[in-house]
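Q: Mind having a look at this structure? Questions to follow.
The values are calculated or read from the model by the stated rules, or taken from the named source; none is laboratory data. Values in this document were obtained by computation on a predicted structure and should not be read as measured data. Neighbour counts are summed over all protein chains in view; Cβ atoms, including those assigned to glycine, are modelled from backbone coordinates with ideal geometry.
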Amino acid sequence: MDRYPDIAELESFFQTVSISESGGAADEWHYDLLRFEFYSGGERLICRFAPADGTIAFNFSTGG
């Protein structure tokens, strides 16, 4: 069983394409730092995944 979801699954969940912050290959994203940014109605959600470090960070803001 694969520990990590496919990038396409994450992009579907966040409804946006991923942004690689360290330039890793798509098929080995779990060694990379991925960022997803979602904007809707003045709200912004940024999620950063760093699986190799075991971290997930969320940043939510409203009003610009």
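Q: Considering only residues that are hydroxyl-bearing (S, T, Y) and either over 19 Å from T55 (Cα atoms) or modelled with pLDDT of 70 or more (or both), which ones fall in the stretch 6-30?
A: Listed by number, the residues that qualify are S12, T16, S18, S20.
Q: Select from the stretch 42-55 the residues that are at pLDDT below 90 and exposed (fewer than 10 other Cβ atoms within 10 Å of the Cβ) and write down the one among them that is nearest to F14 (Cα to Cα).
A: G54
Q: Look through the stretch 48-64, keep the residues that are under 13 Å from the mean Cα position of the chain (by Cα) and of a type in the set (S, T, N, Q), and return whichever of them is nearest to E21 (Cα to Cα).
A: To start, the set of residues in the stretch 48-64 that are under 13 Å from the mean Cα position of the chain (by Cα) comprises 48-51, 55-59.
Cutting the leftovers down to of a type in the set (S, T, N, Q) gives us 55, 59.
On the way: T55: 14, N59: 16 Å.
Per the stated criteria, the residue is T55.
Q: Determine which member of the set F58, F38 is surrounded by fewer than 10 Cβ atoms within 10 Å (Cβ to Cβ), among the hydrophobic types (A, V, I, L, M, F, W, C) and either at pLDDT 85 or above or assigned to a strand (DSSP E or B) (or both).
A: It is F58.
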